[in-house]
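Right, one structure below, let's go through it.
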Amino acid sequence: MPRRSPRARRKPGGAKLPQAPRVRSAPGRARPAASRTKRAAPGAHARARLKRVPRRPPANGAKPERKPLRAPARAARRFAAPDPVRVRAVLEQLRELYPDARCALDFRSPLELLVATILSAQCTDERVNMTTPALFARYPDAQSLAVAPQAEIETMIRSTGFFRNKARSIRECCADIVARHGGEVPRTMEELLTLRGVGRKTANVVLGNAFGVPGVVVDTHVHRLSQRLGFTAENDPVKIEFALMPIVPRERWIAFSHWLILHGRQVCAARKPRCSTCALAVHCPRVGVTASQ
């Protein structure tokens, strides 16, 4: 007697009824209509869309008017250019507050200013001024800095932070000055930007303070204060520079950068500006200020 499976034993008398063979479609042929799965009936919204009749064009042949698209709820507000009267008032107040503003970096030549500006990245000017005298006494010109050992420069500038990258930038920059400019720091923005490790901020510092060429230096203080004063809404330093140039007179570009740097250090701090004692409070919209003293 053949052995029955467990499932057959659980279902007594259960001989399976014959079923119709399963229809399989051959490759390249459509499945018979009877074997296709029926789609669910569309819902109320779907039926409403199906019954919607398209609008007919006007009889005169003109195109139908389209409804304007709805603006997003949180659309970005367009930046409005600052009032020239307010800008002049801010500049005059800054001039009275800081009449002797100048570059905080100590230097005796354009090369020393260039090297000091490279060292000032993510470092205080006071720390740079403590580091550069020994560096320039050992390596007084571009030729000596270009051939100086990397390890020795790193040791001398270690206290300024990021000393490996800064030492490499100083050596490569001085090598470019020796190879392409005869050991002298170039006097144009285009030539300075070709030097390795030199950006627009460093170039503007050198041009303005060593050669007297007007330029707007955008460091962290100028970045912050120009936004708080409502002079620009840009975040990129280069865009901020080009946004400030039309609203600040050209003859004040150099001084304007010094004024904002000094005011940012002494009054308009990053976290809690001292707005209660700020002389610019009556002209400042305090854009982005959430807490102040």
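Here are the numbers:
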{"read-out": "Pick from the range 171-180, criterion buried (at least 16 other Cβ atoms within 10 Å of the Cβ) and out of contact with any Gly (no Cβ under 8 Å at 6 or more places or on another chain), ranking: farthest from Val238 (Cα to Cα)", "value": "Val178"}
{"read-out": "Some residue of the range 273-280 being surrounded by fewer than 17 Cβ atoms within 10 Å (Cβ to Cβ), assigned to a loop (DSSP other than H, G, I, E, B) and assigned by TED's automatic domain parsing to the domain that holds Leu91", "value": "yes"}
{"read-out": "Residues that are crowded, with 20+ Cβ neighbours inside 10 Å and either hydrophobic (A, V, I, L, M, F, W, C) or touching a Leu at 6+ places or on another chain (Cβ under 8 Å) (or both), drawn from the range 145-170", "value": "Leu145, Ile153, Ile157, Thr160, Lys166, Ala167, Ile170"}
{"read-out": "Qualifying residue in the range 198-217 (condition: aliphatic (A, V, I, L, M), surrounded by 18 or more Cβ atoms within 10 Å (Cβ to Cβ) and more than 22 Å from Asp100 (Cα to Cα))", "value": "yes"}
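The values are calculated or read from the model by the stated rules, or taken from the named source; none is laboratory data. Keep in mind the model is a prediction, meaning the values are calculated, not measured. Cβ sites come from the backbone with ideal geometry, for glycine too, and all protein chains shown count toward neighbours.
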